[in-house]
Amino acid sequence: MKIATHIYKSLTAKLIAASLLLFALEACDPKNTEPVDVYGYFPLEIGRYTVYNVKEEIYSTGQANPVIKNWQEKDKVESVSDDEAGVFTYIVSRSTRSSETEYWTKIKEYKVQKYPDKILTNIDNQTFFSMAFPVDTKMTWNGNTYNNRDEEEYHYENVNVPGKVGAESFDRTLRVVERNDSSIINRYIGIKQYGLGVGLLSDNQTSFEYCQDDACIGSGKIDSGTRKARVIVDYGIE
């Protein structure tokens, strides 16, 4: 009886160890992670809104300091329509105000089109190829495919990872790098961060021309240009 009991305990211990090992392997296997609806990074439904704090710095030649402007923007999905090809078109309103205590003033509307393989944003009569599907860090696409601007190769970074914007944390985020070029004479950056189920979290756009005089070239002194940052502060459905 003692021998049988010893064999039983030994087998039980081995089974538990094997089960724990299998659980650990499954937890580390990316194939077993919860599936993500990538369209949720650009959620679109009537009444959905996002509010951003916006800061813009404007640098001018001969001026020691930039002109700094601060305001808030609110984007809200107003309506939706679809066609026989299954393309959904959303109309989004944009309102602004100088501070939280003021009323919103609507300044424009723009259009977002959702295709099975992409998101197109038409704003100020310019169409931008905002997102390409499927979402993959190996994916690249020309963000200016549908306008007459110079080609810009967009790509994804940090897909499905936790992120923090301001004081708020988000479980799953990704970044769309629209441009990231630097030299001793200029700097051009365009990076957007999106949160799953939320949408655009932040948008950083920089276009600098550095001083090119013999006395300051390579110093990083900004001669002219702009830097604009949008950071989410509120979101929901009205």
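Read-outs throughout are calculated quantities, based only on the coordinates presented, and are distinct from any laboratory measurement. Only a predicted model underlies this, so the values are computations on that prediction, with no experimental measurement involved. No Cβ is skipped: glycine too gets one built from the backbone with ideal geometry, and neighbour counts run over all protein chains shown.
For the stretch 162-224, the Kirkwood estimate of the hydrodynamic radius, built from every pair of different alpha carbons, is 13.5 Å.
With the cut-off at 1.5 for a/c, could you classify the stretch 98-156 from its C-alpha gyration tensor as rounded, prolate or oblate? Each step should come with its number before you reach the end.
Working: a/c = 2.39, a/b = 1.95, b/c = 1.23.
Prolate, since a/c reaches 1.5 and a/b exceeds b/c.
GNM on the chain, alpha-carbon springs under 10 angstrom: the most fluctuating residue among 219, 130, 98 is 219. Show me, bin by bin at 10 Å from 0, the whole-percent P(r) of the chain based on Cα pairs. All Cα pairs considered, the percentages come to 7, 23, 29, 18, 9, 6, 4, 3, 1, 0.
If one computes P(r) from the Cα atoms of the stretch 38-131, what percent of pairs lie at distances over 15 Å?
Details: 2979 of 4371 pairs.
Taking all Cα-Cα pairs of the stretch 38-131, the fraction more than 15 Å apart is 68 percent.
Which residue, 123, 202, 80, has the largest displacement toward the positive end of the dipole of the chain when charges sit on each Cβ (Lys, Arg +1; Asp, Glu -1)? So the residue furthest toward the plus end is 202.
Working note: 222 nm ellipticity from helices only, DSSP H runs with n ≥ 4, each -39,500 (n - 2.57), summed and divided by the residues of the chain, gives -4000 deg cm²/dmol to the nearest 500.
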